[in-house]
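The values are calculated or read from the model by the stated rules, or taken from the named source; none is laboratory data. All figures in this text were calculated on a predicted structure; none of them were measured in a lab. Positions of Cβ are backbone-derived with ideal geometry, glycine not excepted, and every protein chain shown enters the neighbour counts.
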Amino acid sequence: MQTVTLDPRHLALLRELSSRGSITAVAAATHRTPSAISQQLRTASRDLGVAVVERHGRGIKLTEAGRLMAEAAVEVDTALARAQARIDALLHQPRGVVHIASLPSAAEYLIGPTLRVIDDEQVDIVLEDEDVSERSFADLARDSDIVLGHSLIGATPAGAESLSCTLICREPIDLAVPDSHRLASRKAISPEDVIGESWIGVPAGFPFDTILQTIEHMTGTKADVRQRVRDNRVAESLVIAGHCIAMLPRFTTRERDGLALRPLINISAKRWVVAMCRPDHAERAVVRRVLQALQSVGASMDE
């Protein structure tokens with residue numbers, strides 16, 4: 001009977017290929033050349049005695065055997081991380097560096113307080129702010145320990161089904177209008193109240209756009225979107241400058257001269273702020289400690 005050799009390096013490579021989708025992407029992420037990656041894939045196929053990749057159009061894709069090995073790699077990495085976490089717990093408090101990629105508007109109210117929570121611990125956070133579509137946040141988990149993203153559909157954002165997801169907080173989304181606007185006198189605003197208004201929106205695929213689409217569906221009218229911007233501060237300034245309205249997150253938007261915030265009613269207008277991790281990263285003791293701190297800070301925002 002032929003002996004099958006399972007090289008951990010091959011498992012890791014197949015996991016990366018499964019996650020990133022191409023030899024070029026894996027090469028860039030792992031600082032190797034595409035030819036070196038191709039050679040390792042050939043070696044993996046030879047050692048396993050079965051092809052792990054096959055041609056697909058102009059590129060390649062994993063075979064069934066390759067997919068099985070990629071799935072096994074996740075299980076192996078997770079088990080090793082869990083074992084390491086148990087050893088760490090016996091020896092000392094969690095320590096190390098945790099890389100976080102975060103939605104800017106969530107980082108604004110979560111990261112500073114989290115740093116204060118762990119200030120006297122041997123934990124370092126390296127932060128990178130990212131503003132991408134809802135589905136793209138999950139992709140950032142390839143290169144970060146924790147990704148702070150958001151969703152309007154629940155505590156598992158689109159695309160994050162294979163990740164470990166931790167709910168940090170739920171945040172209401174308010175309507176922002178000029179303080180001289182007719183709606184500024186209302187205590188709350190319903191979808192019917194905004195028929196005929198001009199909007200400052202977000203790019204398609206971003207969660208707030210889902211609320212606007214729901215308003216269109218509920219009222220049977222097409223929204224007049226004049227601008228689409230990512231940055232909430234830019235949206236604030238455009239609302240203050242004219243008669244357009246926008247949707248903005250409650251925890252980081254402050255009423256100021258020219259701007260009025262009102263809650264939306266008769267519609268689900270809140271977002272779930274979620275921490276996403278690869279399963280093995282979620283097992284690391286230092287990552288678990290940061291997740292606990294984020295949850296503590298998030299709970300104080302929910303109150």
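Tabulated data
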| read-out | value |
| --- | --- |
| Where a residue in region 11-23 is β-branched (Val, Ile, Thr) and its partner, wherever it lies, is assigned to a helix (DSSP H, G or I), with Cβ under 7 Å and at least six apart | 23/34; 23/37; 23/38 |
| Counted residues, region 267-292 - those being closer than 15 Å to residue 174 by Cα and not in a strand (DSSP E or B) | 3 |
| Options 184, 235, 269; residue that is surrounded by fewer than 18 Cβ atoms within 10 Å (Cβ to Cβ), of a type outside the set (Asp, Glu) and out of contact with any Cys (no Cβ under 7 Å at 6 or more places or on another chain) | 184 |
| Residue list for region 61-111, filter: free of Cβ contacts under 8 Å to residues at least 40 places away in the same chain, more than 24 Å from residue 122 (Cβ to Cβ) and among the hydrophobic types (A, V, I, L, M, F, W, C) | 65, 68, 79 |
| For residue 136: the one exception among (1) closer than 25 Å to residue 78 by Cβ; (2) in the same structural domain as residue 257 (by TED's automatic domain parsing) | (2) |
| Given (1) within 30 Å of residue 292 (Cα to Cα); (2) modelled with pLDDT of 95 or more; (3) of a type outside the set (Asp, Glu), index of the condition residue 195 fails | (1) |
| Restricting region 84-108 to residues that are under 14 Å from residue 283 (Cα atoms) and surrounded by 15 or more Cβ atoms within 10 Å (Cβ to Cβ), the residue that is farthest from the chain's Cα centre (by Cα) | 88 |
| Residues (outside any loop (DSSP other than H, G, I, E, B), among the aliphatic types (A, V, I, L, M) and under 18 Å from residue 205 (Cα atoms)) located in region 148-172 | 148 |
| Residue list for region 122-139, restricted to those being touching a residue at least 40 places away in the same chain (Cβ under 8 Å), of a type in the set (A, V, I, L, M, F, W, C) and outside any strand (DSSP E or B) | 137, 138 |
| Options 203, 207, 178: the member that is out of contact with any Ser or Thr (no Cβ under 9 Å at 6 or more places or on another chain) and touching a residue at least 60 places away in the same chain (Cβ under 8 Å) | 178 |
| Residues within region 116-137 that are crowded, with 16+ Cβ neighbours inside 10 Å and either of a type outside the set (A, V, I, L, M, F, W, C) or under 15 Å from residue 300 (Cα atoms) (or both), tallied | 6 |
